[in-house]
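Since every read-out is calculated from the coordinates, none of them should be taken as a lab result. Quick caveat: nothing in here was measured; it's all calculated off a predicted structure. A quick note on method: Cβ atoms are made from the backbone with ideal geometry, for glycine too, and the neighbour counts reach across all protein chains shown.
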Amino acid sequence: MGKRKGGNKTLAPLSQKSSSSNGYLVVEAKITTANNPSFDGAVGVVENEVDVAEERAGSSHFDDPLKVEALVGSDKTSADYYFDSYSHFGIHEEMLKDIVRTKTYQNAIYQNAFIFKNKVVLDVGAGTGILSLFCAKAGAKHVYAVECSLMADMAKEIVQTNGLSNVITVLKGKIEDIELPIDRVDVIISEWMGYFLLFENMLNTVLYARDKWLIDDGIILPDKASLYLTAIEDAEYKEDKIEFWNSVYGFDMSCIKKQAMAEPLVDVVDQNQIVTNCLLLKTMDISKMTAGDMSFTVPFKLMAERNDFIHALVAYFDVAFTRCHKLMGFSTGPRSKATHWKQTVLYLEDVLTICEGEVLSGSMSVEPNKKNPRDIEIMLRYSLNGKRCQISRTQYYKMR
């Protein structure tokens, strides 16, 4: 396959990639998993019945220092710049212009005003306050918009400019540190998802807010999130991103290759590169789960749909608003409209030669980094026993 357009930084204009019908965001293609469920954009979700066995080991898969090579600059983590990065308008512009993301939230709020009418709402990680503005327009009694970064100051001005200061109160600070002027809220809304769903670990903050402030039978939006896995052929791009270090203007810089391999790449994947089925790894119920559920081990079996080569595994996620009158949500998969989350590419050390019908099996372990929970540690075990390729390997990745 050809190199992906836009590299790992840019996203094709969303105005060219999205469409709407009757106010709902529509995704033209379906995400297919092992049992052939589908997610039709923001309109509906078919509940997946795949049984995914989860292991919860007593000790971490990442404790053995001999197994995990120290990465250059590993003492610096996303915590060093996380809140500061959200003080810059550029990241908010990118998120607001992500039509799949923002229109789905807008539709979920406006088309389900019964959830918000005369209710007290908590917006966790409010940013510019866009979700709070939607909730106010939908008839919320009051909205408390909590934002830790300096963008909180802009959010206050935006609220005032739009004449909603009597409905929206912007609170600057961490959810874990601030105190609301009320004891309970009826609804929590948040756009907490990071790359690979869990990067930056904002979900933990949402769970904290849920346990502290949400009334019994209160509503969290969105309330379901699912992580998926597939495999792709990616020879040319892997050559450009990984093998490049073998010879840089005639010099051997292959020591960097291991570093590059261990850092997942966030990028837009062409759906034509997909070699196997797309498999549901894990579904999280935000209304019921605990913080410990963000650490998990799940098995996978990916069956080749054609003769090809596998260079990487690709992870993506769906989110769903199941408490709406009509099920709504969106997918970040390669067969759906592009979003700013793109997909997460984990390159394999080996090039796997796989034949149609053969199965790449293994397990994926995921847990927050112990030093900085906003970073994600991933351990991938995989094996293939095919006609033309037999391999078994364990690889480690770190999103930071």
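Some points to look at:
- Here the label points at GLU157 and MET289, each 7 Å from Cα along the C-beta direction, are separated by 3.7 nm in the simple model.
- Note on VAL248 and GLU263: their simple-model spin labels are 1.1 nm apart, each label 7 Å out from Cα toward Cβ.
- With eigenvalues of the C-alpha gyration tensor scaled by 5 and rooted, region 96-243, Å: 31, 17, 16
- Sorted from greatest to least, the principal axis extents spanned by the alpha carbons of region 270-400 come out as 48, 38, 24 Å.
- Scanning residues 5 or more positions from LEU171 or on other chains, those with amide H under 5 Å from its amide H are ALA145, VAL146, GLU147, with H placed 1.01 Å from N in the peptide plane.
- Region 207-216 - phi-based ³J(HN,Hα) in whole Hz, Karplus 6.51/-1.76/1.60, Gly and Pro as x: 5, 4, 5, 4, 5, 8, 10, 6, 5, 4
- With the Kirkwood sum run over all distinct C-alpha pairs, region 205-341 has a hydrodynamic radius of 17.8 Å.
- Put simply, the amide H of ASN162, placed in the peptide plane, has no neighbours under 5 Å, leaving out anything fewer than 5 places away on its chain.
- For LYS212 and ASN166, a Förster radius of 30 Å and the Cβ-Cβ distance give a FRET efficiency of 0.75, rounded to the nearest 0.05.
- Couplings 3J(HN,Hα) for region 153-165, derived from phi with the Karplus relation 6.51 cos²θ - 1.76 cosθ + 1.60 (θ = phi - 60°), are 5, 5, 4, 4, 5, 4, 4, 5, 4, 8, x, 10, 5 Hz, where x marks Gly and Pro.
- Built amide H within the under 5 Å cut-off of ILE220, gap 5+: ILE188
- J(HN,Hα) series, region 281-290, from Karplus relation 6.51 cos²θ - 1.76 cosθ + 1.60, nearest Hz, glycine and proline x: 8, 7, 10, 10, 9, 5, 6, 10, 5, 10
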